[in-house]
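Undergrad: I have a structure I would like to understand better, so I am pasting it below and will then ask my questions one at a time.
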Amino acid sequence: QQQVKQSPQSLIVQKGGISIINCAYENTAFDYFPWYQQFPGKGPALLIAIRPDVSEKKEGRFTISFNKSAKQFSLHIMDSQPGDSATYFCAASNTRGSTLGRLYFGRGTQLTVWP
Amino acid sequence: DVKVTQSSRYLVKRTGEKVFLECVQDMDHENMFWYRQDPGLGLRLIYFSYDVKMKEKGDIPEGYSVSREKKERFSLILESASTNQTSMYLCASSLGGQGEETQYFGPGTRLLVL
C-alpha cells in the first residue's frame with residue numbers, strides 16, 4: 001500500500017512558469033514532510049521540508065503548501081528555470097514512531113522546464 | 001559535507017550470480033538505507049539499519065539480504081541475481097535519533113542482470 005501518493009508523474013513547464021507537484025497521505029501520524037530533488041546521474045538530495053504546524057514554507061523560488069485537514073501538501077516552483085529540470089520526490093515520516101528516520105516516498109515527478 | 005559512496009556506478013551480472021553492493025558513509029551516521037529506483041515506481045525501501053548488526057525489512061526485501069558489520073558500511077546482497085533485479089540501487093544514510101532526519105544519498109549503482 002502506497003503511503004504517499006504523488007502527482008503528476010511528469011510535468012512540462014515553460015521557463016518562467018510555475019511548476020506545481022501534489023502529494024497526499026493517509027497516515028495521520030506523519031509529522032515531517034520533506035521534498036527531495038534528483039538530477040540525472042545523481043542521488044536525491046533534500047530540497048525543502050515542512051512540519052504540519054505551519055501551512056506554508058518558502059525558500060527562494062521553492063514553496064511547500066500544507067493542508068493538514070485534507071492531508072495534502074504540494075511543492076510550488078516559481079519562475080521555473082531549465083536548471084530546475086529534475087525528478088522531485090515528496091516524502092513523509094513519523095518522527096515519533098518506532099522507525100525513526102524512515103521516509104515514505106512518493107513515486108516521483110519528472111519536471112522538464114523548456115527554455 | 002556528508003559523503004556516501006557506493007562501490008560501483010555500473011555493474012553487469014549473470015542470472016544466478018551472488019552480487020554484493022557496498023555502501024560507505026563518512027559521517028558516523030547511525031542509520032543506513034538501501035533503495036531501488038525504477039521508472040514510475042519511485043524509491044522503494046529494501047532494507048534499513050539503525051545500528052551495527054541491526055537490520056529491518058523495508059517494503060521489498062524478497063531476494064535481498066544485508067550486512068552491517070561496521071557502522072560506516074552497509075552491504076546489499078543479492079543471493080541469486082535475477083533479471084527482475086535489474087535496477088538502480090541507491091544507498092542513503094542519516095544521523096539517527098533526531099526525528100527530522102535528512103537522508104544523504106550516494107550516486108547509485110545501476111545493475112544489469114543478464
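Undergrad: Using alpha carbon coordinates only, what is the Rg to Rh ratio of chain A, with Rh defined as the Kirkwood radius?
TA: 0.96
Undergrad: Probe radius 1.4 Å, ligands and nucleic acids left out: which of A:ILE64, B:ILE60, A:ILE12 has the largest accessible area, and how do the rest follow?
TA: Ranked list, largest accessible area first: A:ILE12, B:ILE60, A:ILE64.
Undergrad: May I pose another question? Could you please put A:LEU103, B:LEU41 in sequence from largest to smallest accessible area, using a 1.4 Å probe?
TA: The ordering from most to least exposed comes out as B:LEU41, A:LEU103.
Undergrad: Ignoring ligands, DNA and RNA, what percent of the accessible area of region A:4-114 is carbon or sulfur (1.4 Å)?
TA: 49 percent
Undergrad: Pick out which of A:GLN72, A:GLN38, A:GLN14 has the largest mean-square fluctuation in a Gaussian network model of chain A, springs linking Cα atoms closer than 10 Å.
TA: A:GLN14
Undergrad: For region B:4-95, give the magnitude of the charge dipole about the Cα centre (Cβ charges: +1 Lys/Arg, -1 Asp/Glu; no others), in debye to the nearest 20.
TA: Rounded to the nearest 20 debye, it is 240 debye.
Undergrad: Rank B:ILE77, A:LEU103, B:GLY96 by how far each Cα sits towards the positive end of the charge dipole of the protein assembly as shown (+1 on Lys, Arg Cβ; -1 on Asp, Glu Cβ) and give me just the farthest.
TA: B:ILE77
Undergrad: While we're here: Only bridges whose two residues both fall in chain A count here: according to DSSP, what percent of them are antiparallel, nearest 5?
TA: Expressed as a percentage, antiparallel bridges in chain A total about 90.
Undergrad: Something else about it: What distance in nm lies between label points placed 7 Å from Cα along the C-beta direction at B:MET88 and B:THR5?
TA: Rounded to a tenth, the inter-label distance reads 2.2 nm.
Undergrad: Still on this structure, please answer the following. Can you give the convex hull volume of the alpha carbon atoms of region A:48-115 per residue, in Å³?
TA: It comes to 105 Å³ per residue, whole-number rounded.
Undergrad: Still on this structure, please answer the following. When the convex hull of the Cα atoms of the protein assembly as shown is projected onto a plane and the area is averaged over all directions, what value comes out in nm²?
TA: For the Cα atoms of the protein assembly as shown, the hull's average projected area reads 12.3 nm².
Undergrad: Averaged across the residues of A:43-52, what count of C-beta atoms belonging to other chains lies within 10 Å of each residue's C-beta?
TA: Shielding by partners across A:43-52 averages 4.
Undergrad: Here is a follow-up. Please quote Rg/Rh for region B:4-95 to two decimal places, taking the Kirkwood radius as Rh and restricting both calculations to Cα atoms.
TA: 0.94
Undergrad: Considering Cα pairs under 8 angstrom that are at least six residues apart, work out the relative contact order of chain A and quote it in whole percent.
TA: Once normalised by length, the contact order is 37 percent.
Undergrad: Are there trypsin sites (Lys or Arg not before Pro) in region B:43-82 that DSSP marks as loop and that have at most 13 other Cβ atoms within 10 Å, and which are they?
TA: Here the trypsin sites (Lys or Arg not before Pro) that fit, given the DSSP loop and packing criteria, are B:LYS53.
The values are calculated or read from the model by the stated rules, or taken from the named source; none is laboratory data. Quantities reported herein were computed from a predicted structural model and do not represent experimental measurements. Cβ coordinates were reconstructed from backbone atoms using ideal geometry, including for glycine residues, and neighbour counts include every protein chain displayed. The protein model used for the area step is the full one, side chains on, heavy atoms only, and it has no ligands, DNA or RNA in it. Shrake-Rupley method; radii C 1.70, N 1.55, O 1.52, S 1.80 Å.
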